1. Could you tell me whether segment A:106-113 includes any residue that is assigned to a loop (DSSP other than H, G, I, E, B) and either more than 14 Å from chain B (Cβ to nearest Cβ) or not basic (K, R) (or both)?
2. Condition check: of a type outside the set (V, I, T) and touching a Phe, Trp or Tyr at 6+ places or on another chain (Cβ under 9 Å). Does B:F84 satisfy that?
3. Among all residue pairs at least 6 apart or on different chains, which show Cβ distances below 7 Å where the first residue, located in segment B:25-42, is small (G, A, S) and the second is modelled with pLDDT of 90 or more and surrounded by fewer than 12 Cβ atoms within 10 Å (Cβ to Cβ)?
4. Within segment A:72-91, does at least one residue satisfy the condition of being out of contact with any strand residue (DSSP E or B) (no Cβ under 9 Å at 6 or more places or on another chain), surrounded by 23 or more Cβ atoms within 10 Å (Cβ to Cβ) and either farther than 24 Å from B:R92 by Cα or touching a residue at least 12 places away in the same chain (Cβ under 8 Å) (or both)?
5. With the structure loaded, tell me whether A:L62 is at the interface with another protein chain (Cβ under 8 Å from one of its Cβ atoms), within 18 Å of the chain's Cα centre (by Cα) and outside any helix (DSSP H, G or I) or whether it fails that test.
6. State all residues of segment A:181-207 that are outside any helix (DSSP H, G or I) and surrounded by 19 or more Cβ atoms within 10 Å (Cβ to Cβ); if no residue qualifies, say none.
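The values are calculated or read from the model by the stated rules, or taken from the named source; none is laboratory data. Given the structure is predicted, the values throughout are model-derived calculations rather than measurements. Methodologically, a virtual Cβ is constructed for each residue, glycine included, from the backbone with ideal geometry; neighbour enumeration extends over all protein chains shown.
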Amino acid sequence: MIPPSTPDSLLIIVPALNEEAAIGGVVREIHQHVPGVPVLVIDDCSSDNTIQVARQAGADVLPLPHHLGLGGCVQAGYKLAYELGFQFVIRVDGDGQHDARDIPRVFERLKSTGCEMVIGSRFVGDIGSRTGAVRSLGIRFFRLVLRPVLGKEVHDPTSGFVGVNRLALNVFRNSFPLEYLEIEALVVLQRRRFRFEEVSCKMRPRTTGRSTITALKSLYYVVHVLLGVFVNVLKFDRRFHRAKRESGAGG
Amino acid sequence: MDRLLNVTTGLSVILLVMVLISVRRAHIRVEYSVSWLLAAGVMLILSRARPLLDAVRNLVGLPDSPLTLFLLAAGVFLIMFFRFSVIISHLRDDNIALAQRVAILEYHLRDRRNHENQEA
């Protein structure tokens, strides 16, 4: 991989697990719409030819020694990006659901606003993205829960199309949720007083494979995420109050 | 009542023997066997020393000794399961961090080799 040389160095990371059917197209599409930007596919121990297909398409590959799940996979990418010195990282899913034409807009917003995270959202502006009824209901529920926690509305809290700057990278390489990361990652950043913004993006329907989310998993997801949000809020509030007490005692 | 205490004694002895065999065969590390040995030992003593069990029963204010024994066993094993959950969580975090480190080091190694091959 070419080490970053510009102050606005960008790395695109693509976590992938058994995505040989889609990953080649995803990498080629990124190269087509964001030429000159390195693409890193993080392979979560696929049993198919994901690694070979990604390399043939022109991506760098970071193969994990064993299956870590999405959180561990994405965090490995963040750690490597931080070590290599990249200033910005945008995460794109390996199944082809995210449109690479939206990457430049996410990148521009990251640079122009200076905020730590930019989310590619299906629900900002009228771009005609559709989601299933259950998922849509879940997103509405989390919007309501997250509004008081984050202090502002987040339209698409479950979007995996996310750009971060180096400050957020530094936080995420040390502390990153392992499962159902999108919402918890938002809370982790917000509790450190970091800012996020949303950019309207189009999500395409999945072209290969099928979603593994069942009704029981959806319920587990809701409980898990609520607990994660609650724990993060408590953890950082305690630290904040302790720091406030110590600064009060010191001053 | 006596039969229940005998069953508890038998189970405690089986647990003690199992743990000791596992430690000897290195299936379980010594530091993790201590809590199991302690739990089995406490259950064995309480099931054999009736006056001690009655004293514990009076102390916690329960109506009968079998219930006291059952609650004590449940409490001890709950604490142990919690302790192992904490250990497993730490191990999982360490395991993930190590796997990520190995992947990143292998990546750097491969990158360096490619670089050297290109220069050669």
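1. no
2. Values: of a type outside the set (V, I, T): yes; touching a Phe, Trp or Tyr at 6+ places or on another chain (Cβ under 9 Å): yes.
Considered against the rule, which asks whether it is of a type outside the set (V, I, T) and touching a Phe, Trp or Tyr at 6+ places or on another chain (Cβ under 9 Å), B:F84 comes out as yes.
3. Partner pairs satisfying both residue conditions: none exist.
4. If we filter segment A:72-91 for residues that are out of contact with any strand residue (DSSP E or B) (no Cβ under 9 Å at 6 or more places or on another chain), which is where we start, we get A:72, A:75, A:79, A:83, A:85.
Next, only the ones that are surrounded by 23 or more Cβ atoms within 10 Å (Cβ to Cβ) stay: A:72, A:75.
Remaining after also requiring either farther than 24 Å from B:R92 by Cα or touching a residue at least 12 places away in the same chain (Cβ under 8 Å) (or both): A:72, A:75.
Yes, because at least one residue in segment A:72-91 is out of contact with any strand residue (DSSP E or B) (no Cβ under 9 Å at 6 or more places or on another chain), surrounded by 23 or more Cβ atoms within 10 Å (Cβ to Cβ) and either farther than 24 Å from B:R92 by Cα or touching a residue at least 12 places away in the same chain (Cβ under 8 Å) (or both).
5. It is true that A:L62 is at the interface with another protein chain (Cβ under 8 Å from one of its Cβ atoms), within 18 Å of the chain's Cα centre (by Cα) and outside any helix (DSSP H, G or I).
6. Hits for segment A:181-207 are A:F196, A:E197, A:E198, A:V199, A:C201, A:M203.
Matching residues to (1) at the interface with chain B (Cβ under 9 Å from one of its Cβ atoms); (2) assigned to a helix (DSSP H, G or I):
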site	(1), (2)
A:L11	no, no
A:I23	no, yes
A:H31	no, yes
A:S47	no, no
A:A54	no, yes
A:G58	no, no
A:G72	yes, yes
A:Q75	yes, yes
A:K79	yes, yes
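Here is a yes/no grid of residues against (1) within 13 Å of chain A (Cβ to nearest Cβ); (2) loosely packed, with under 12 Cβ neighbours inside 10 Å:
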{"position": "B:L20", "(1), (2)": "no, no"}
{"position": "B:R24", "(1), (2)": "no, yes"}
{"position": "B:G41", "(1), (2)": "no, no"}
{"position": "B:R48", "(1), (2)": "no, no"}
{"position": "B:L67", "(1), (2)": "no, no"}
{"position": "B:V86", "(1), (2)": "no, yes"}
{"position": "B:A103", "(1), (2)": "yes, no"}
{"position": "B:E106", "(1), (2)": "yes, no"}
